[in-house]
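Asks: Okay, here's the structure, questions in a sec.
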Amino acid sequence: MIRGMRRVRAGGTDIAVHVQGEGPALLFVHGFPFDHALWRHQLKTFPGWRRIAPDLRGVGSSGVPTEGYSMARYADDLVDVLDALDVAAAVVCGLSMGGYVLFELLRRHLPRVRAAILCDTRAEADTEEGRRGRDEMIALARSGGAGAVADRMLPTLLAADTRAERPEVEGQVREMIERTPVVGLVGALQAMRDRVDSTPLLADLRLPVLVLAGASDGITTPESGLALAEKIKGARFATVAGAGHLPPLEQPFVTTRLIADFLKTVF
Ligand code: MLT
């Protein structure tokens, strides 16, 4: 298949997967509360790579089970996706919550990951305050729906440069959030709240790693991205100027170039 959407049966539900191009596999894992469209620009680039961007369970065109959301479940779903596409191992690029899922892949299914790109993410679990924030957001999603979650999150997601120079990006992000079912939002928030600390994994990682951070990301700051890279032997670190929490959408050209440069150095 060169281009299209497939449905893969995984853990009792259907996962929608967008696949484009031929070559070694490059798997893109979106963050919260987004879907595969976070990678809309990257899906169209990277000639010579098979680009794979699923909608995690509960979002986009994937099935929306009422319960059972966890980082382990999301990671196991991705393995079912790789199996269905006959991919033994992929370069995996995860943004924010997608990074939490990538850590779970590294913990549970290490041989399936050829290299890791950790974008605007962190290895630590939530703090007590963070967990309380998840419960508040769950309550907000249940009472006000996805629109209320969008209103709450949008002011923190994008860089000032993005709002000024690429105003269409805010609309794209709002659209992604607003089409997410409340059950999927709540499931992801519970999964993030309950995730374990992945810091103990870092010192023993022996695979190529790139850590990327939006230079104006106030959610996972560039300083925390650098600290993450410093804990992984041989990891590269780069910032994306003019981007907040969502570099692939805010600065697609630069983000794609940084990923492509990394791929060239490791393959
Ligand atoms: C994300 O973009 O996936 C979220 O900001 C992650 C989080 O809330 O921890």
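Asks: Under 5 Å between amide H atoms, partner at least 5 residues away or on a different chain: which partners does Ala115 have, H built in plane at 1.01 Å?
Replies: Val91, Val92
Asks: Mind ordering 17-26, 169-178, 248-257 by average Cβ neighbours within 10 Å, highest first?
Replies: Working: 17-26: 19.3, 169-178: 17.4, 248-257: 21.4.
With the highest mean Cβ count within 10 Å placed first, the list reads 248-257, 17-26, 169-178.
Asks: Here's something else I'd like to know. Just the number: Rg to Rh for the chain, Cα atoms, Kirkwood Rh, two decimals.
Replies: Ratio value, two decimals: 0.93.
Asks: Let me ask something else. To the nearest 20 debye, what is the magnitude of the charge dipole of the stretch 127-196 about its Cα centre, counting +1 on the Cβ of each Lys and Arg and -1 on the Cβ of each Asp and Glu?
Replies: 240 debye
Asks: Right, another one. Would you work out the charge dipole size for the stretch 81-239 about its Cα centre, treating the Cβ of every Lys and Arg as +1 and the Cβ of every Asp and Glu as -1, and quote it to the nearest 20 debye?
Replies: Value, rounded to 20: 440 debye.
Asks: Which of Lys44, Lys264 has the fewest other C-beta atoms within 10 Å, and how do the rest follow up to the most?
Replies: Sorted ascending by nearby Cβ count, the order is Lys264, Lys44.
Asks: Would you mind pulling out the separation of the Cα centroids of the stretch 7-29 and the stretch 186-213, in Å?
Replies: Here the two parts' Cα centres lie 21 Å apart.
Asks: Here's another thing I want to ask about it. Can you give me the P(r) profile for the stretch 121-192? Cα pairs, bins 5 angstrom wide beginning at 0, each as a whole percent.
Replies: Result, from short to long distances: 3, 15, 23, 22, 18, 14, 5, 0 percent.
Asks: Most exposed first by the Cβ proxy, i.e. fewest other Cβ within 10 Å, how do Asp204, Asp83, Asp77 rank?
Replies: Asp204, Asp83, Asp77
Asks: Let me ask you something else. In debye, nearest 20, what is the charge dipole magnitude of the chain about its Cα centre with +1 on Lys and Arg Cβ and -1 on Asp and Glu Cβ, if you could check? Don't skip to the answer; put the middle values down first.
Replies: On the way: 32 positive and 33 negative charges, 145 e Å.
Here the size comes out at about 700 debye.
Asks: Could you state the principal axis extents of the C-alpha atoms in the stretch 14-162, from the largest down, to the nearest angstrom?
Replies: 44, 35, 28
Asks: Say the dipole of the chain comes from +1 at the beta carbon of Lys and Arg and -1 at that of Asp and Glu; which of Phe46, Thr13, Leu157 then lies farthest toward its positive end?
Replies: Phe46
Asks: Quick one: Karplus J couplings for the stretch 196-208, per residue in order, coefficients 6.51, -1.76, 1.60, θ = phi - 60°, nearest Hz, x for Gly and Pro?
Replies: 8, 6, 9, 4, x, 6, 5, 5, 9, 5, 10, 8, x
Asks: Next question, about the same structure. Using the 10 angstrom Cβ neighbour count as an exposure proxy, how do Ile117, Ile232 rank, fewest first?
Replies: Details: Ile117 28, Ile232 23.
By the 10 Å Cβ count, ascending: Ile232, Ile117.
Asks: Listed highest first by mean packing, meaning other Cβ atoms within 10 Å per residue, what order do 129-138, 89-98 come in? All intermediate terms of the calculation are to be shown ahead of the outcome.
Replies: Details: 129-138: 14.3, 89-98: 25.1.
The most tightly packed comes first, giving 89-98, 129-138.
Asks: With Rg and the Kirkwood Rh both taken from Cα atoms, where does Rg over Rh land for the stretch 14-86?
Replies: We get a ratio of 0.96 for the stretch 14-86.
Asks: Non-local amide H neighbours of Gly214 (under 5 Å, H modeled in plane, Pro and chain starts lacking H): which ones?
Replies: Asp120, Val240
No lab work stands behind these numbers, since they all come straight from the coordinates. For clarity, every value in this text was computed on a predicted model and none was experimentally measured. Here the Cβ is made from the backbone with ideal geometry for all residues, glycine too, and neighbour counts use every protein chain on show.
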